[in-house]
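Notes to accompany the following structure.
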Amino acid sequence: MELAKEEAIDWQFAVNTRGPINVIRKFLPHFRANGGGMFINISSFMGITTAVPLGSLYNMSKFALEGLTEGLYYELKPLNIELRLIEQGGSTGNKFKESTIWNRDENIKDYDDLMTKVQNLMNPTETSGILDDPQIIVDAISALATGESKKFRTVIGAAGNELMALRNSVPIEEYLETMAKKYM
């Protein structure tokens, strides 16, 4: 976090957390007037698995979206307003590596080796077997919107489901150590 510039923090939170808050606030009067509705928030398995080091700002913003969605579930349920979460992983064509704020600082070299390892793992040749077709995200959203699926949290893709299985099967300390070994 010491590398994070104020603008980077604000931007990451604005995109992944404040944006959904603003959408929800705008649509609530409409849903109240109609006696119900549904919000489908697009999160990431990074918001509940924190699987990549140096992604603290991204993880924070997605973890906040998780908390917002879970908290609003209780508040809006009596109004017949449903909330759902899509937990997507990496998908082809999303250019996550290029669009992530990496917060390099030429004066601080402590993270350079780790950053290089993380960025190399995100190269197309390294991720080609674990990236999902974006159509599965569309299909999952459609299933929620049409009522075909009633799941609160939908984890999409092999990578996300594998990480969630690991995260749910071991104590947090073991999970963090297992993930750390991938990068150290």
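Side notes on the structure shown:
- Summed over region 170-184, the residues that are hydrophobic (A, V, I, L, M, F, W, C) and assigned to a helix (DSSP H, G or I) give a count of 4.
- Spans of helices (runs of 4 or more DSSP H) in region 95-138 with at least 2 residues at pLDDT below 65, hydrophobic (A, V, I, L, M, F, W, C) and under 17 Å from the mean Cα position of the chain (by Cα): none
- Residue, modelled with the lowest pLDDT, within region 148-169, restricted to residues that are assigned to a loop (DSSP other than H, G, I, E, B) and open to solvent by less than 30 Å² (accessible area, probe 1.4 Å): GLY157
- When PHE45 is tested against (1) in contact (Cβ under 8 Å) with a residue 60 or more places away in the chain; (2) hydrophobic (A, V, I, L, M, F, W, C); (3) in contact with a Leu (Cβ under 8 Å, 6 or more places away or on another chain); (4) over 23 Å from SER149 (Cβ atoms), just one condition goes unmet, and that condition is (4).
- MET46 open to solvent by less than 20 Å² (accessible area, probe 1.4 Å), at pLDDT below 90 and closer than 15 Å to GLY160 by Cα: yes
- Neighbours by Cβ (under 8 Å, 6+ apart or cross-chain): first from region 7-33, over 21 Å from GLY47 (Cα atoms) and open to solvent by 90 Å² or more (accessible area, probe 1.4 Å); second part of a helix (DSSP H, G or I) and at pLDDT 90 or above: ARG32/LEU79
The values are calculated or read from the model by the stated rules, or taken from the named source; none is laboratory data. Bear in mind the structure is a predicted one, so any value in this text is a computation, not a measurement. FYI the Cβ positions are ideal-geometry reconstructions off the backbone, even for glycines, and counts take in every protein chain you see. Surface accessibility is based on the protein's heavy atoms, side chains included, excluding ligands, DNA and RNA. Shrake-Rupley method; radii C 1.70, N 1.55, O 1.52, S 1.80 Å.
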